[in-house]
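Quick notes on the structure that follows.
The values are calculated or read from the model by the stated rules, or taken from the named source; none is laboratory data. Just so we're clear, the structure is a prediction, and the values are computed from it rather than from any experiment. Methodologically, a virtual Cβ is constructed for each residue, glycine included, from the backbone with ideal geometry; neighbour enumeration extends over all protein chains shown.
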Amino acid sequence: MRTHVNESAERARAIAAAAIARYDEISRIGRRSSLTALPGEYDWDGMLATGRNNYGTPEQCIKNIRSAMRNYYFDTLTTTFNFGGIPHDEVMKSMRLFAKEVASEFR
């Protein structure tokens, strides 16, 4: 699950959306473009609601993970924090905030 946690919901969405678009653009190289949606075609709200992506404040990320648990069967949650060119300092802040405020809800 591509994850970005920030104290600001708006900043989390801006960072994650840009990184998801870059990540997906790179992933499309060598594949037929009709197989993947373009960033302008993304259903951002739907991807959050189903747990495909996870970004926002710690409270929003907890809610997103719970949504994923309702929509998918899994017993291990894997997260990717370093994707789509997010700057290292932002990745580290996100990981720390996740460890401190999100992960503790699922122990």
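Count of the range 81-94 residues, restricted to those that are in contact (Cβ under 8 Å) with a residue 24 or more places away in the chain and out of contact with any helix residue (DSSP H, G or I) (no Cβ under 9 Å at 6 or more places or on another chain), is 1. In the set (1) buried (at least 16 other Cβ atoms within 10 Å of the Cβ); (2) farther than 21 Å from Ile20 by Cβ, the condition left unmet by Glu105 is number (1). Taking each residue of the range 47-74 that is basic (Lys, Arg) and looking for partners that are buried (at least 16 other Cβ atoms within 10 Å of the Cβ) and outside any helix (DSSP H, G or I) with beta-carbon atoms closer than 9 Å, six or more apart or interchain, yields Arg52/Met1; Arg52/Arg2; Lys63/Gly56; Arg66/Gly51; Arg70/Gly51. Filtered by the rule that a residue be among the aliphatic types (A, V, I, L, M), modelled with pLDDT of 95 or more, crowded, with 16+ Cβ neighbours inside 10 Å and out of contact with any Asp or Glu (no Cβ under 9 Å at 6 or more places or on another chain), the range 60-101 gives Ile86, Val91, Met95. If you take the residues of the range 1-29 that are among the basic types (Lys, Arg) and either touching a Leu at 6+ places or on another chain (Cβ under 7 Å) or in contact (Cβ under 8 Å) with a residue 24 or more places away in the chain (or both), which of them is surrounded by the fewest Cβ atoms within 10 Å (Cβ to Cβ)? Applying the filter and picking the extreme gives Arg22. Can Leu48 be described as closer than 22 Å to Glu7 by Cβ, surrounded by fewer than 17 Cβ atoms within 10 Å (Cβ to Cβ) and either under 13 Å from the mean Cα position of the chain (by Cα) or not basic (Lys, Arg) (or both)? No; evaluated as a whole, the condition is false for this residue.
Within the span defined as the range 24-31, one or more residues are modelled with pLDDT under 85 and among the polar types (S, T, N, Q).
Consider Ala37 carefully, then state whether it is surrounded by 16 or more Cβ atoms within 10 Å (Cβ to Cβ) and at pLDDT below 95. Judged against the criteria, Ala37 is not a match.
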